[in-house]
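What follows is a short report on a single structure.
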Amino acid sequence: MQQPIAGSSIEYSPGAAGGDPERWPDAHHGSVQQITTGGSAVNNRRAGGLDDSAEPRDGAASRPRRRLCLLARFRLGDADGQRQLCPASQRLLALLAFRPAGAERDLVAGLLWPDVSEDCAHACLRSALHRLAQSAPFAVRASGRDLSLAEGLEVDLHIGQLLAIRLLQPRLQTDLNAAVAGMPLLSAELLPGWYEDWVQLEAERWRQLRLHALEALVGALRERRRFGEACLAAAAAIAADPLRESPRAAMIRIHLSEGNRSEAVREFERYGSLVRRNLGCEPTEQLRRLLSVS
């Protein structure tokens with residue numbers, strides 16, 4: 001979970017919804033189209049929330065949209081609405097989402113219940129699976145000793161990862177409109193308030209990936225002189241890590257590209273004050289050179 005930074009005046013938030021992707025308009029209505037990685041395409045996947053308007057694939061005309069959301073907060077739902085799950089079932093689904101190829105029961109039980117005996121951990125896993133079968137039978141696939149998310153269950157984290165990877169491949173053409181529509185995904189933390197080691201590891205991986213993707217998006221938008229959207233992407237990266245210098249540099253470049261030198265100077269001064277107060281250091285010479293500050 002993000003900790004407050006002394007003296008930070010970051011005002012960006014992903015819309016008036018207060019960080020809830022289900023209420024971000026772009027997240028509902030802006031489709032993330034033609035996101036590819038390794039040559040495969042994911043078409044017409046929505047950037048957040050449950051939506052049944054996307055055209056079904058593989059002839060599955062009657063297949064309901066099923067979505068597991070891990071960004072901003074945990075949610076599981078389908079065409080009938082959200083499902084209420086116990087904490088153990090939530091963590092089981094999150095762990096399986098982090099391992100798309102599936103995981104053995106022994107590993108899952110050991111990670112989720114590390115402080116009890118092996119027999120007790122397996123009993124807890126059986127209980128969690130039983131509860132899931134009652135409340136969300138579409139969510140998990142059990143095959144012998146292996147567990148995985150069921151086919152057809154979409155995960156917002158996976159969609160966000162595809163978008164981020166696409167943005168970080170400069171040789172590939174990126175649909176900037178789709179990337180902007182997916183910005184709420186890139187702006188969201190992974191399971192804030194979950195402190196298990198295996199969650200924190202994945203949360204940090206996601207944080208690094210989305211920060212680099214947001215900065216790449218800023219550069220692409222600035223090159224096309226879409227300065228307003230570039231500022232939003234830069235502000236999202238700054239909100240994710242107020243002490244990180246590279247998104248500040250990106251924001252300064254936007255202001256300079258617009259001819260707003262005063263805005264660029266104010267951004268530099270805000271950042272300088274912040275790092276002096278929190279880190280006891282100065283902005284780097286590289287950042288200073290953007291403004292020719294001596």
Looking only at region 150-158, decide whether some residue is small (G, A, S) and in a helix (DSSP H, G or I). no
Do we find that G81 is more than 30 Å from A213 (Cα to Cα), modelled with pLDDT under 95 and within 23 Å of the chain's Cα centre (by Cα) in this structure? yes
Search result, residues across region 65-108 that are farther than 16 Å from Q161 by Cα, in contact with a His (Cβ under 9 Å, 6 or more places away or on another chain) and not basic (K, R): D106
Could you please let me know if A109 is more than 30 Å from A216 (Cα to Cα) and crowded, with 21+ Cβ neighbours inside 10 Å? yes
Working carefully through the options L291, L217, find the one that is modelled with pLDDT under 95 and either of a type in the set (A, V, I, L, M, F, W, C) or over 23 Å from C69 (Cα atoms) (or both). L291
Go through (1) within 22 Å of the chain's Cα centre (by Cα); (2) modelled with pLDDT of 95 or more; (3) surrounded by fewer than 17 Cβ atoms within 10 Å (Cβ to Cβ) one by one and return the number of the condition N43 breaks. (2)
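Restricting attention to region 241-257, does a residue exist that is over 27 Å from L163 (Cβ atoms), touching a helix residue (DSSP H, G or I) at 6+ places or on another chain (Cβ under 9 Å) and in contact (Cβ under 8 Å) with a residue 12 or more places away in the chain?
yes
The values are calculated or read from the model by the stated rules, or taken from the named source; none is laboratory data. What you see is a predicted model, and the numbers here were worked out from it, not measured in a lab. Positions of Cβ are backbone-derived with ideal geometry, glycine not excepted, and every protein chain shown enters the neighbour counts.
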